Structures are given as structure tokens and as C-alpha cells.
Amino acid sequence: MNAVPVSVIAFFAGAATVLAFAPVGAFPVALATLAILAHLWTAATPRRCFVTGFWFGLGLFGAGVSWIYVSMTQFGGMPPVLAAAATAFFCAFLALFPAAAGWLQARIPGGPALRALLLIPAAWTLFEWLRVWVLTGFPWLAVGYAGTGWPLQGYAPVAGVFGVSFALLSLSGAAWMLAARRSPALAVVVLLALPAGGEILRHVAWTAPAGEPFTAALLQGNIPQELKFQPDRYEKTLDTYARLAGESKARLVVLPETAIPRFYDRVEPTYLARLEDAARAIGGDVLLGVPTRTEAGAYYNSVVSLGTSPRQAYHKVHLVPFGEFIPPGFAWSLRLVDIPLADFSRGAPGQKPFAVAGQRVAVNVCYEDAFGDEIAEAAAQATLLVNLSNVAWFGDSLAPGQHLQIAQLRAIETGRMHLAATNTGVTAAIDRDGRVTARLPSFAEGRLEIAAQGYTGLTPYLRWKDWPVLFAALAILAGAVFAARRSR
């Protein structure tokens, strides 16, 4: 194959991989496309592996995070040409990570079986982990999320999403070996053993129920993003959430992120008292998404509790670049978009879980639940995970479904139930095994009443987070280098 067809194959293989993620969820597609990538990488030079890895990544992210363009044009007001250029640049930047993984694995000597089963998975996992940290991180579309709902998800409570990524890459490598007739007996063993091990782990009860089930209500106001911050819409927004909350008899009522589009200190005290009195009447609590600010001028994307328990507040820690804060040197970008409250302050790390509704609730806001290591820190002290989101910014795109799948993996990793309250969707309840037990239809006003359950105990992932799989990947790569040098 010459250079042009290889790049084209890699690009379309990467784009097709998006079908393995939600909302389609066709896991075998990822198995096939990553097997194609293993084929392209197994006997190529480091430079060629970098190029094919880049094109694979460009296809993956170009198809998978195209919703960024929607948010910038439809809701951010950026001119389409500039939004397209910015989206393309961002996807090209993300594509550098699989490109670097391809280059690294090709630099390390090893036979086809070692490369397909260990070196490629280790290099890919290492750079997928780095993507969480570089420039505040963007962990979206880690391939391990595609394993949600399939046997490989059993590895998540042990090694997190990156452990699932490693297992998926190894499984794909074995599929390529079988197709290419390279050590077919070994390939069959891996193809049988990895899913079997994952399926066994899926049935391990890593955590135990904490107390009795309790009622929870997740509110979805379905406030159009283009109207959310319009002054003439404010009263209607308040009435919508007051009505939805007032009609519920649940012990825990959760409103979405920035459900009240006004600073907390400017919300009418009578309205807050209305919500609080309704919660106290049934011995419950309300979690309210609302921006807050300090006298010094800093403002936060916050969650405030109202009701029977003492008032508590959580300030979002992991902010979205350009959406919630402007990186130094990029203040000029505000002239290109129209995003209200685009420069939040960062909340303090290590904030304690809320003590509400008889539970210890680890609260996180929108994008934060994409960072498993950070969620694990809070979940270890909590019995329940609650996410407040507003993905109306991304319209009717792939983003809400992908976000729900990320939340499912967080529930599996932590052994905790995960409740998600959103403005337009997907509002859902997820049990500790990743099953979506109930959800509301998108772009519809509603209240999801559920029986929730708190859980206690620590999964291996809560104890060790991403470090074991990271050290394992580094050890495999370093061990292969050491073995090759000794053999010389």
C-alpha cells in the first residue's frame, strides 16, 4: 500500500470507531478498526506509524467531537468559517496523541505478537492518560468507554477506563493476529481469556448498600440555550423549576447546572425559601445549580443545598477552557464568541461531599465527571455520585449520549450509583454496574422520580486510581527496551 491509501484507510478507520461509542454503542466496530490500526502499525517505520496514527486520530476526533462546532456557531455566535477552523485545529491537536503512541511503539523492538498484544496497547494507554493532563486535559473518547455494557467493562473497577482501553487494544491485536495467521493459538487464547476475565469481574460486588433506598427526583427544565440568559425568560425559568420541585415528594431533588441563570446573591430570597420550605416539609434536600460570587469579584459555577440539612456549597474545580475560563493570552477570543459567564474561578480541590438526604453525596458539574481520577478522590468519601449538567450547548449532537456513557463508566469504576440532572438531556439514573435504570427523553421538560441507593466500600480503582495501569504500561515499554538491548 502506498502512502495515500494508508492515510485514507487510517482516517476512515478512526472515523468509524466513533460508532463504537454512545449513542450507537457498536463495540465490535472498535475491535475491527483498532485491529486495522494494529495491522498498519505492526511492520511500519516510526515515521509512518506517526502519520497513520495522526490520520486515525483525526478521523476519530473529527467525527467524534464535531459537536464543538455546534456549540461555537449555534450558541457561541462564532462565524462558521472561524468555528470550522478552530474545530479542525483542536481535532488535529488531539490526533497528535495517537500519532505519538504509534511512533513510540514503533521505536521499541519486538516481534508481531509482542507488539500487537502489549506494545501497542501500552503506548496507546500511556498517551491516552497524558491527554487527561495536557493543557487541563480532554479525556473524551478514550477507547475504554466503548467497552461500557460489554464484558470488558469488568476491568473498570480494577483499573479504570484506561485499563479497559488496554484490554480493548490487546483484544484487537489478537484479532489482527488471528486474521494475519500470526501465532493463531496465542491469539485464540487472548480472544477467549480477556472477555471471560472481564465477565467474571463484572459479577464481583465491590461495594455494599449503605442504608435503605431513598427517593430522588432529577429535574429537566428543557430551557433553550439561546433563551437561558434572556432577562424576559427569567421568571418563567424560576416557575418551571419551582413547579417541578414542588410537585415532588422525593428526599433528594436535583436541579441542573446553572438552573437559575442569576448570581445566587441576586436570587429573590422568597424564591429560595419556597424551594427550601418544600424540601423541609418532607424532610428532604434540594441541590441547586447556580452561579455564586464573592465580594472580591470572583465567581463560581456552583451547587448549593437547600432544605433539612445545613446549607452547603460546592464550587466547580475542573473548568472548561474557553467555555468557563479563558487561558492566559487568549482574552482576545472573547470578541469572537458570545458566552455568558465565560471566566469562572476555580473551586478549591478536595471539597467534602454534601451531607444531604441521609447520604454523603459527591457532587460534580458537567465536564468534571470525564476525569475518573478526580471523581475517585471524592467518591471514596461518598455513598452517591450526582452530576449537574447543561449540555444544551451542544444541541442534538453526539455529546449528550457520549456524556451519559462517561457517567456509566464512572459508576462502574467507583461502585456508586450516579445520578445526572441536565437541562435538556440526558437526565438519568445509573446503578453501580453501569446500567441506566431510568432516563428522561431529551428536549422535553420533566421530572425523573427514582428509588436511589447509596453504596459504601472501595473498589480497587478507588484505592489506586490510574497509577497501576500507568505503571504497567511504562513497565511493558521499558521491559521491551531492556530485553531488546540484552539480546544484542
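Computed quantities for the displayed model
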{"quantity": "Residues within segment 341-380 that are surrounded by 18 or more Cβ atoms within 10 Å (Cβ to Cβ) and of a type in the set (Lys, Arg), tallied", "calculated": "1"}
{"quantity": "Residue match in segment 79-90 (condition: at pLDDT 95 or above and surrounded by 20 or more Cβ atoms within 10 Å (Cβ to Cβ))", "calculated": "no"}
{"quantity": "Selection count where residues are closer than 30 Å to residue 408 by Cα, of a type outside the set (A, V, I, L, M, F, W, C) and surrounded by 16 or more Cβ atoms within 10 Å (Cβ to Cβ), scope segment 1-24", "calculated": "2"}
{"quantity": "Single residue of segment 98-139 satisfying the filter (at pLDDT below 95 and among the aromatic types (Phe, Trp, Tyr)) that is surrounded by the fewest Cβ atoms within 10 Å (Cβ to Cβ)", "calculated": "133"}
{"quantity": "Options 143, 65, 134: the member that is touching a residue at least 40 places away in the same chain (Cβ under 8 Å) and under 18 Å from residue 321 (Cβ atoms)", "calculated": "65"}
{"quantity": "Residue ID - modelled with the lowest pLDDT, chosen from residues in segment 383-421 that are β-branched (Val, Ile, Thr) and within 17 Å of residue 140 (Cβ to Cβ)", "calculated": "391"}
{"quantity": "Helices (runs of 4 or more DSSP H) within segment 145-235 that include 3 or more residues farther than 25 Å from residue 421 by Cβ", "calculated": "156-180, 184-202"}
{"quantity": "Residue ranges of helices (runs of 4 or more DSSP H) in segment 1-68 with at least 3 members β-branched (Val, Ile, Thr) and closer than 22 Å to residue 116 by Cα", "calculated": "3-17, 27-42"}
{"quantity": "Filter result for the condition that a residue is more than 30 Å from residue 468 (Cα to Cα), at pLDDT 95 or above and outside the structural domain of residue 391 (by TED's automatic domain parsing), over 217, 174, 180, 167", "calculated": "180"}
{"quantity": "Residues being in contact with a Pro (Cβ under 8 Å, 6 or more places away or on another chain) and over 22 Å from residue 92 (Cα atoms) - total across segment 24-54", "calculated": "2"}
{"quantity": "Matching residues in segment 250-276 - criterion: being farther than 18 Å from residue 388 by Cα and not β-branched (Val, Ile, Thr)", "calculated": "265, 266, 268, 269, 271, 272, 273, 274, 276"}
{"quantity": "Of residues in segment 266-296 being buried (at least 18 other Cβ atoms within 10 Å of the Cβ) and of a type in the set (D, E, K, R), the one nearest to residue 313 (Cα to Cα)", "calculated": "285"}
{"quantity": "Test: residue in segment 365-374 that is assigned to a strand (DSSP E or B), in contact (Cβ under 8 Å) with a residue 12 or more places away in the chain and outside the structural domain of residue 156 (by TED's automatic domain parsing)", "calculated": "yes"}
{"quantity": "All strands (runs of 3 or more DSSP E) inside segment 381-488 with 3 or more residues being in contact (Cβ under 8 Å) with a residue 40 or more places away in the chain and crowded, with 24+ Cβ neighbours inside 10 Å", "calculated": "384-389, 418-422"}
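The values are calculated or read from the model by the stated rules, or taken from the named source; none is laboratory data. Since this is a predicted model, take the numbers as computed values, not measurements. Every residue, glycine among them, receives a Cβ derived from its backbone with ideal geometry; neighbour counts consider all protein chains shown.
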